[in-house]
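The values are calculated or read from the model by the stated rules, or taken from the named source; none is laboratory data. These figures come from a predicted structure and were not determined experimentally. So basically every Cβ, Gly included, is an ideal-geometry build from the backbone, and we count neighbours across all protein chains shown. With ligands, DNA and RNA removed, areas are computed over all heavy atoms of the protein, side chains included. Shrake-Rupley method; radii C 1.70, N 1.55, O 1.52, S 1.80 Å.
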Amino acid sequence: MEKSKIGKRFQGKVAIVTASTQGIGFGIAERLGLEGASVVISSRRQKNVDEAVEKLKARGIEVLGVVCHVSNAQQRKDLVDRTVQKYGKIDVLVSNAAVNPSVETILQTQESALDKLWEVNVKAAILLLQDAAPHFQKGSSVVFISSITAYQPPSSLAMYGVTKTALLGLTKALAAELAPDTRVNCVAPGFVPTHFAEFLVKNDAIREENEGKTLLKRLGTTDDMAAATAFLASDDASYITGETLVVAGGMPSKL
Ligand code: NAP
């Protein structure tokens, strides 16, 4: 994202983004940081955290990097504690981590894979929020990153899609629970060719097929997802809570 094109909606704010050393999470952290937030980035590997911190610092962003595998209770606690030690509060929490350990049909999926899907994609998001919520400010905001697959889980991503459907419900339930001081919203990205979604662009034919599934005839970018997340997290969305914004180039999105 070009620096000159964006505002400063997060000046003085503190934002945690999980799974943010590359891909969509990194894009979100960068956007919030360029708009003035102090951003706390995290992922499982120290090397990835260090490299991402350097990239963000090079763009003039105030950033803290913390190793956090979202299903590790101690690392979740560290993430929150170190944020509060350094910046004193939390204004924005973006819950972005997810895995897809299986391409089996739901009935063929091993119990260990079912557990992992629930653990990382849903349960860890709730547990991190439990740790973070006591530090939220009035006007704070949570954004879950779901997926277009939440609406119609494709066969190769079936149970993953179902965990993403759960986030739509979680958004509604937590919006009620955290109102009126904290808003809770969700972004459902379409196809974004990241490391996680390399299969989207495996070859030109597959890329074109995926582009053709959108009305806008292109894949999404991490900047597209970051812009939508920043909107929902910002005061521009101060009368929006419990909603999911689908950012998928017009792909069908009805439950
Ligand atoms: P990505 O480019 O592969 O990036 C994944 C990031 O997550 C990395 O920074 C990775 O760093 C970190 N990570 C992985 N497992 C983690 C864990 N257990 N705890 C903490 N960090 C972890 O993936 P992405 O495509 O940006 O996906 C981000 C989110 O967008 C996910 O929730 C995904 O479901 C959603 N989404 C993506 C698409 C798409 O088309 N790309 C579409 C819809 C939704 P380390 O390896 O260092 O941990």
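Which residues, taken from the range 237-255, are more than 11 Å from the ligand (Cβ to nearest atom) and in contact with a helix residue (DSSP H, G or I) (Cβ under 9 Å, 6 or more places away or on another chain)? Please lay out each step first, then the result.
Keep residues of the range 237-255 that are more than 11 Å from the ligand (Cβ to nearest atom), which gives 237-245, 249-250, 252-255.
If the condition is that a residue be more than 11 Å from the ligand (Cβ to nearest atom) and in contact with a helix residue (DSSP H, G or I) (Cβ under 9 Å, 6 or more places away or on another chain), then Ala237, Ile240, Thr241, Gly242, Glu243, Thr244, Leu245, Gly249, Pro252, Ser253, Leu255 are the ones that fit.
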Worksheet item: Taking into account only those residues within the range 73-107 that are more than 23 Å from Ser141 (Cα to Cα) and either without any contact (Cβ under 8 Å) to a residue 12 or more places away in the chain or charged (D, E, K, R) (or both), which is surrounded by the most Cβ atoms within 10 Å (Cβ to Cβ)?
Response: Glu104
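Is the range 140-157 home to any residue that is within 20 Å of Ala73 (Cα to Cα) and among the hydrophobic types (A, V, I, L, M, F, W, C)? Walk me through how you get there before you give the answer.
Step one: filter the range 140-157 for residues within 20 Å of Ala73 (Cα to Cα), giving 142, 144.
Going one step further and asking which of them are among the hydrophobic types (A, V, I, L, M, F, W, C), we end up with 142, 144.
Taking every residue of the range 140-157 in turn, at least one turns out to be within 20 Å of Ala73 (Cα to Cα) and among the hydrophobic types (A, V, I, L, M, F, W, C).
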Discussion item. Looking at Phe199 and the list (1) under 29 Å from Gly7 (Cβ atoms); (2) among the hydrophobic types (A, V, I, L, M, F, W, C); (3) within 16 Å of the ligand (Cβ to nearest atom), which single condition is not satisfied?
Written reply: (1)
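Inspect all residues belonging to the range 133-154 and state whether any of them is of a type in the set (A, V, I, L, M, F, W, C), in contact with a Phe, Trp or Tyr (Cβ under 7 Å, 6 or more places away or on another chain) and closer than 21 Å to Ile28 by Cα. Break it down stepwise before answering.
Going through the range 133-154, the residues of a type in the set (A, V, I, L, M, F, W, C) turn out to be 133, 136, 142-145, 148, 150.
This time we only want the ones that are in contact with a Phe, Trp or Tyr (Cβ under 7 Å, 6 or more places away or on another chain), so: none.
Within the range 133-154, not a single residue is of a type in the set (A, V, I, L, M, F, W, C), in contact with a Phe, Trp or Tyr (Cβ under 7 Å, 6 or more places away or on another chain) and closer than 21 Å to Ile28 by Cα.
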Worksheet entry | Selection status of Leu219, open to solvent by 20 Å² or more (accessible area, probe 1.4 Å) and part of a loop (DSSP other than H, G, I, E, B) | no
Response to the item:
The condition of being under 18 Å from Gln22 (Cβ atoms) and of a type in the set (Gly, Ala, Ser) holds, among Gly88, Gly65, only for Gly65
Discussion item. Go through the range 26-60 and report how many residues are open to solvent by less than 10 Å² (accessible area, probe 1.4 Å) and farther than 17 Å from Ile90 by Cα.
Written reply: 5
Item to complete: Please specify each residue of the range 62-72 satisfying the condition of being of a type outside the set (A, V, I, L, M) and either open to solvent by less than 60 Å² (accessible area, probe 1.4 Å) or touching a residue at least 40 places away in the same chain (Cβ under 8 Å) (or both).
Response: Gly65, Cys68, Ser71, Asn72
Practice prompt. Answer yes if at least one residue in the range 4-17 is within 15 Å of the ligand (Cβ to nearest atom) and among the small types (Gly, Ala, Ser), and no otherwise.
Written response: no
Item to complete: With a cut-off of at least 3 residues that are open to solvent by 60 Å² or more (accessible area, probe 1.4 Å), name the helices (runs of 4 or more DSSP H) lying wholly within the range 108-203.
Response: 111-118, 158-178
